Amino acid sequence: MYPGYLMIRTLFCSIIFCFLFFLASAQDINGYWRGTITQDEGGYRSEYILELWIYQKGDSIIGKSYVFVDSIYAEMEISGTLFSDVYLQIKDDRIISHEELEGMEWCIKSYQLLLKQTGSALRLEGHWQGVTSFSSCIPGKIFLKKSIPRA
C-alpha cells in the first residue's frame, strides 16, 4: 500500500456516508397519508380509516387528521415534531368538525410514528393513546401509506 491509499479510502468512505445520509434525510413527509387506526378490544370499533395531511417546516409539523367509520367522523388540527428524520410525535390540537353517536366522544390523540420505506413506498407506523373529557381512550396502532389524494 502506498501512503495516500488510506487517505483516499477514508475520503471515498466519507463521500459515500454523506450521500447515504443525504438520501435518508431527504424523505419528504409533506402531503397526504391514508390508512387505518386500530383500537384495542373494548373500543367502539377495532378499526377506523385515518387520513393525515402533513405540512413540515424544518422539524415542525402541522396539518389535519380525519378519522371515520360508517357515518361518524372527526376532523382535527394536528401538530408535532419530526425527530431524526424517521420518528414523529404528533398530537390532535382540537376538533374542527365531527359527527358522533349519542353518548360518544372522540379521542384527542397523541401519535408516536416511525417513517419506513419499502422500495419507493413510504409508510408511517406506530402507536397512539388518547383522552376524552371524561376518561382515557383505549389505545391502538396506526398504519399509513403516503398516497395521492383522490378527487
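Just the projected area, averaged over all directions, of the convex hull on the alpha carbon atoms of the range 28-147: how many nm²? Before the final figure, lay out each step's value.
Details: hull surface 28.9 nm².
Projected over every direction and averaged, the Cα hull of the range 28-147 covers 7.2 nm².
Can you pull out the trypsin sites (Lys or Arg not before Pro) in the range 37-103 whose DSSP state is coil and whose Cβ has at most 16 other Cβ atoms within 10 Å? Don't jump to the answer; show the numbers that get you there.
Values: sites: R45, K57, K64, K91, R94; in loops: R45.
Answer by residue number: R45.
If R0 is 22 Å, what FRET efficiency do you get for K57 and K116 from their C-beta distance, rounded to 0.05? The value I calculate is 0.45.
Dipole magnitude for the range 86-133: about 420 debye, using +1 per Lys or Arg Cβ and -1 per Asp or Glu Cβ, origin at the Cα centre.
Around the Cα centre of the range 58-140, unit charges on the Cβ atoms of Lys, Arg, Asp and Glu (plus for the first two, minus for the last two) sum to a dipole of about 360 debye. For the range 94-151, GluC sites (Glu not before Pro) are listed when DSSP marks them as loop and at most 13 other Cβ atoms sit within 10 Å of their Cβ; the list is E102.
Each value in this text was obtained by applying a stated rule to the coordinates, not by laboratory testing. Keep in mind the model is a prediction, meaning the values are calculated, not measured. Here the Cβ is made from the backbone with ideal geometry for all residues, glycine too, and neighbour counts use every protein chain on show.
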